[in-house]
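Heads up: the structure comes next, in structure tokens.
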Amino acid sequence: MKAYKQVFSELKEQNKTALIPFFVIGDPDFDTSLAVVKAAIDAGADILELGIPFSDPIADGPTIQKADIRAMTSGMNVNKALEFIRRVKDYRDIPIGLLMYYNLVYQYGAEKFFGDFHEAGVNSVLVADLSIDDAGEITGPARSAGLDTVFMVTPNTGPERMKRIAAKTTGFVYTVSVLGVTGSRERLSDTVEDLVGRLKSLTDVPVCVGFGISGSEQAATVTRAGADGVIIGSRIVGLIESNLGDGEGMLAQISTFLAEVRAAI
Amino acid sequence: MKYKGRFGDYGGFYVPEVLIPVLEELEEAFYRFYEDAQFVAELAQLSRDYSGRPSPLYHAKRFSEHVGFEVYLKREDLLHGGAHKVNNSLGQGLLAKYMHKTKLIAETGAGQHGLATAMIGALFGMETKIFMGVTDIERQSVNVHKMRLCGAQVVPIEGGTGTLKDAINDALRYWTAHVTDTFYLFGSACGPHPYPTIVKHFQSCIGKEARQQCIEQIGRLPEMVVACVGGGSNAIGIFSGFVEDKDVRLVGVEAGGVGVGRGLHAATLVAGRVGILHGAKAYLLQDEQGQVCETESVSAGLDYPSVGPEHCLLKDTGRAEYVAAEDDDVLDAFGLLTRTEGILPALESSHALAWLVSQKGKLDPGTVAVVNLSGRGDKDVSIVEERRPLAE
Ligand SMILES: Cc1ncc(COP(=O)(O)O)c(C=O)c1O
């Protein structure tokens, strides 16, 4: 299984930044979602960030909320998400970061959850509503399953806390570029460059930036700030939403968009 | 965070990272001010002159005759705004002021907490936004209008079933993006730490007064204290005054909706399983995989799939018991109190009354039951009219 380390060091040699698209697993349905993810891989995605849909995604804006509803309505659940990841890995050995809300892990049982998803081919987990303060509830089982634990740093994270987050994080640090929930933004906050800079001085773990990045220009800005990866979610999920009746168009637009960003970073 | 905010294993602060610094700031401010002499004095004065505390303890004799034991009502319905919610909104609003926050946001179900917060926003001159599900906006339109009259903006929430849970989701999202100047005035004794502790603190006046009033008016403690449980604020407020009195039975009444086991309801402690929602580990109504269930109740204020963490612990230790009352019995109890006493109870509070009615013939005639009459039912008149039309 391909590791993050390998991807990041290969990209570094080529002087490139990792392109990390985010998808809600099963949006709008299992087959279309799989086709979209494969298209993203073909368009140059280096790592995938995949979210399991949840009924109450408090860290997400309207675009991803709607994707969660589409996926759940078409029957996506934790067991089917495992199957989905196996199918992605059958297509390409690409590192996968899994994103979910804590209740899904808790109900499944952390040990079994992480074990099963690692076996399916996941590299890391990020629990959207679990901070480092309660990390103890997942780091043990995640590590013994062989998974990296990704945590977030946000624009309002103080220096002391940033150190503690960096220390608990393996795989990559998820740096949130704006105060707020997920969603495309016209512009990023001015603090993002400073944030990336401070993190880089604290840790050797790669730093990836997400939330609000909606195009090549912003992706390039983040890259210049020193980020090792760029995570793009709502913008791509929005392309799924606006092409619901047109599978071909959906794949084409997402491919074009990702290829464009790939070229810019 | 300085404290873990745990009640046994329940509670905590399961929130996205971006909210941690804000909750830390809130925790720090609460512990700095809650015993501060000036803060305490200002809150005491406003509680008396603005809210109308202390609220009376009233012996409902004709209602008592009907059920066959002695029922005393803790009259939170008489407070300004018409519910216990003002206790919390005033306390947290004052805290917001001491923290130099200029804007308030709040979620609301029945509109009582939204109204209480809108009133406090007007009182302190703070810009106020209330998040409310579209279903609740429709069934609690009187309160929506009152909030607007107080100058608050009511933000309609379409997501989910358009009820309290969805309003909390969006209030949390909004807060995430506006943490610098905005104070989230949370309405019940649930959610992430430090809210369960803060809300309990500001609602504990109910229990303190009620205990004192029992001693003065009855000469002894009651056999039982009964309250409805949505998120759990009015219940924890009154329970807190009696929890050390081991002989006093504490009964929390949840929303049985159309029937636990038969259809949708909101009886979290009665029928839920431990899970994580809105920042806390607590009993939760959820499917097998952990997706949160839809709920239903005739009362918007109890229509919520989770519950305060301290109630979860009180249930597990057996110190309090939790039961459910179904919509039809609730409407009957509403009618009974109205006709026997001329008091219109909120449909939320009517759940507590419905359980008392169900105890008719099962309790000794000398039994004293104190009920937290958490609010008045003016807001519910049109629902009652629809469900129980008066004969011509
Ligand atoms: C009158 C009244 N009682 C009770 C409740 C339920 O809330 P809690 O369980 O926090 O007391 C509400 C909520 O809106 C209410 O308006």
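The values are calculated or read from the model by the stated rules, or taken from the named source; none is laboratory data. What you see is a predicted model, and the numbers here were worked out from it, not measured in a lab. Here the Cβ is made from the backbone with ideal geometry for all residues, glycine too, and neighbour counts use every protein chain on show.
Report yes if some residue within segment B:11-19 is more than 10 Å from every other protein chain (Cβ to nearest Cβ) and either closer than 25 Å to B:GLY81 by Cβ or touching a strand residue (DSSP E or B) at 6+ places or on another chain (Cβ under 7 Å) (or both); otherwise report no.
Taking every residue of segment B:11-19 in turn, at least one turns out to be more than 10 Å from every other protein chain (Cβ to nearest Cβ) and either closer than 25 Å to B:GLY81 by Cβ or touching a strand residue (DSSP E or B) at 6+ places or on another chain (Cβ under 7 Å) (or both).
When you look at B:VAL155, is it within 14 Å of chain A (Cβ to nearest Cβ), among the β-branched types (Val, Ile, Thr) and assigned to a strand (DSSP E or B), yes or no?
Considered against the rule, which asks whether it is within 14 Å of chain A (Cβ to nearest Cβ), among the β-branched types (Val, Ile, Thr) and assigned to a strand (DSSP E or B), B:VAL155 comes out as yes.
From the set of residues in segment B:239-278 that are touching a strand residue (DSSP E or B) at 6+ places or on another chain (Cβ under 6 Å) and among the charged types (D, E, K, R), which is farthest from the other protein chains (Cβ to nearest Cβ)?
By that ranking, first place goes to B:ARG249.
Any chance segment B:78-90 includes a residue that's small (Gly, Ala, Ser), surrounded by fewer than 19 Cβ atoms within 10 Å (Cβ to Cβ), more than 14 Å from every other protein chain (Cβ to nearest Cβ) and within 16 Å of the ligand (Cβ to nearest atom)? Walk me through how you get there before you give the answer.
From segment B:78-90, those small (Gly, Ala, Ser) are B:81-83, B:89; that's our starting set.
Subsequent filtering for residues that are surrounded by fewer than 19 Cβ atoms within 10 Å (Cβ to Cβ) retains none.
No, segment B:78-90 contains no residue that is small (Gly, Ala, Ser), surrounded by fewer than 19 Cβ atoms within 10 Å (Cβ to Cβ), more than 14 Å from every other protein chain (Cβ to nearest Cβ) and within 16 Å of the ligand (Cβ to nearest atom).
Cβ contacts < 7 Å: first residue within 14 Å of chain A (Cβ to nearest Cβ), restricted to segment B:107-129; second residue more than 10 Å from the ligand (Cβ to nearest atom), any location; separation 6+ or different chain. Result?
Listed by first residue and then by second, the contacts come to B:GLU107/B:PHE131; B:GLU107/B:ALA167; B:GLU107/B:ILE168; B:GLU107/B:ALA171.
Which of the residues spanning segment B:349-381 are exposed (fewer than 15 other Cβ atoms within 10 Å of the Cβ) and either within 19 Å of B:LEU57 (Cβ to Cβ) or without any contact (Cβ under 8 Å) to a residue 24 or more places away in the chain (or both)?
B:LYS362, B:GLY366
Take segment A:120-136 and flag every residue that is away from chain B (no Cβ under 11 Å) and within 21 Å of A:GLN65 (Cα to Cα).
Listed by number, the list holds a single entry, A:VAL125.
Show the residue pairs that are 6+ apart or on different chains and have beta-carbon atoms under 8 Å apart, the first residue being within segment A:228-257 and over 29 Å from A:THR175 (Cα atoms), the second being not in a helix (DSSP H, G or I).
A:LEU244/A:PRO28; A:GLY249/A:ASN243
Test B:GLY256 against the stated conditions and say whether it is in a loop (DSSP other than H, G, I, E, B), over 15 Å from B:ALA320 (Cα atoms) and at pLDDT 95 or above.
No, not satisfied.
Would you say B:GLN213 is farther than 25 Å from B:ASP77 by Cβ, out of contact with any Asp or Glu (no Cβ under 9 Å at 6 or more places or on another chain) and more than 16 Å from the ligand (Cβ to nearest atom)?
no
Find the residue count for segment B:271-312, including only residues that are within 14 Å of the ligand (Cβ to nearest atom) and assigned to a helix (DSSP H, G or I).
7
Do you know which residues across segment A:137-159 are of a type outside the set (Val, Ile, Thr) and within 11 Å of another protein chain (Cβ to nearest Cβ)? Show your work before the answer.
Here is the first cut: in segment A:137-159, the residues of a type outside the set (Val, Ile, Thr) are A:137, A:140-148, A:151-152, A:155-156, A:158-159.
Selection gives A:GLU137, A:PHE151, A:MET152, A:PRO155, A:ASN156, A:GLY158.
Please identify the pairs in which a residue from segment B:228-240 that is closer than 9 Å to B:GLY252 by Cβ and in a loop (DSSP other than H, G, I, E, B) has its Cβ atom under 7 Å from the Cβ atom of a residue that is more than 6 Å from the ligand (Cβ to nearest atom) and among the hydroxyl-bearing types (Ser, Thr, Tyr), counting only partners at least 6 apart or on another chain.
Every condition considered, the pairs that remain are B:VAL229/B:TYR322.
Would you check which residues across segment B:178-198 are within 14 Å of another protein chain (Cβ to nearest Cβ) and crowded, with 24+ Cβ neighbours inside 10 Å and list them? Lay out the reasoning, then the answer.
Of the residues in segment B:178-198, the ones within 14 Å of another protein chain (Cβ to nearest Cβ) are B:178-182, B:184, B:186, B:190-194.
Within segment B:178-198, B:TYR184, B:PHE186, B:CYS190, B:GLY191, B:PRO192, B:HIS193, B:PRO194 meet the criteria.
Right, A:PHE117: away from every other protein chain (no Cβ under 12 Å) and touching a Cys at 6+ places or on another chain (Cβ under 8 Å) or not?
When the stated conditions are applied, A:PHE117 does not pass them.
Where residues in segment B:314-348 are over 26 Å from B:SER64 (Cα atoms) and within 16 Å of the ligand (Cβ to nearest atom), which of them is nearest to the other protein chains (Cβ to nearest Cβ)?
Our first condition is that a residue be over 26 Å from B:SER64 (Cα atoms); within segment B:314-348, this holds for B:314-318.
Within this subset, residues satisfying the condition of being within 16 Å of the ligand (Cβ to nearest atom) are B:314-315.
Details: B:LEU314: 22, B:LYS315: 19 Å.
Here the residue is B:LYS315.
Among the helices (runs of 4 or more DSSP H) confined wholly to segment A:1-99, which include 3 or more residues that are on the phi < 0 side of the Ramachandran plot and away from chain B (no Cβ under 14 Å)?
Of the helices (runs of 4 or more DSSP H) lying wholly inside segment A:1-99, those with at least 3 residues that are on the phi < 0 side of the Ramachandran plot and away from chain B (no Cβ under 14 Å) span A:4-13, A:30-42, A:78-91.
Mind checking which residues of segment B:216-228 are within 13 Å of the ligand (Cβ to nearest atom) and surrounded by fewer than 24 Cβ atoms within 10 Å (Cβ to Cβ)?
Across segment B:216-228, there are no qualifying residues.
For segment B:199-210, indicate whether the set of residues that are within 16 Å of the ligand (Cβ to nearest atom), outside any helix (DSSP H, G or I), in contact (Cβ under 8 Å) with a residue 60 or more places away in the chain and surrounded by 24 or more Cβ atoms within 10 Å (Cβ to Cβ) is non-empty.
No: zero hits.
For the subset of segment B:279-299 comprising residues that are touching a helix residue (DSSP H, G or I) at 6+ places or on another chain (Cβ under 6 Å) and farther than 21 Å from B:ARG173 by Cβ, which member is nearest to the other protein chains (Cβ to nearest Cβ)?
So the residue we want is B:GLN289.
Looking for whichever is away from the ligand (no atom under 16 Å from the Cβ), surrounded by 24 or more Cβ atoms within 10 Å (Cβ to Cβ), small (Gly, Ala, Ser) and in the same structural domain as B:LEU90 (by TED's automatic domain parsing) here; the options are B:GLY121, B:GLY111. Which one fits?
Just one listed residue meets the conditions, B:GLY121.
State which residue is farthest from the other protein chains (Cβ to nearest Cβ) when the search covers only segment B:158-177 and only residues that are surrounded by fewer than 24 Cβ atoms within 10 Å (Cβ to Cβ) and part of a loop (DSSP other than H, G, I, E, B).
Looking at the filtered set, the residue picked out is B:GLY162.
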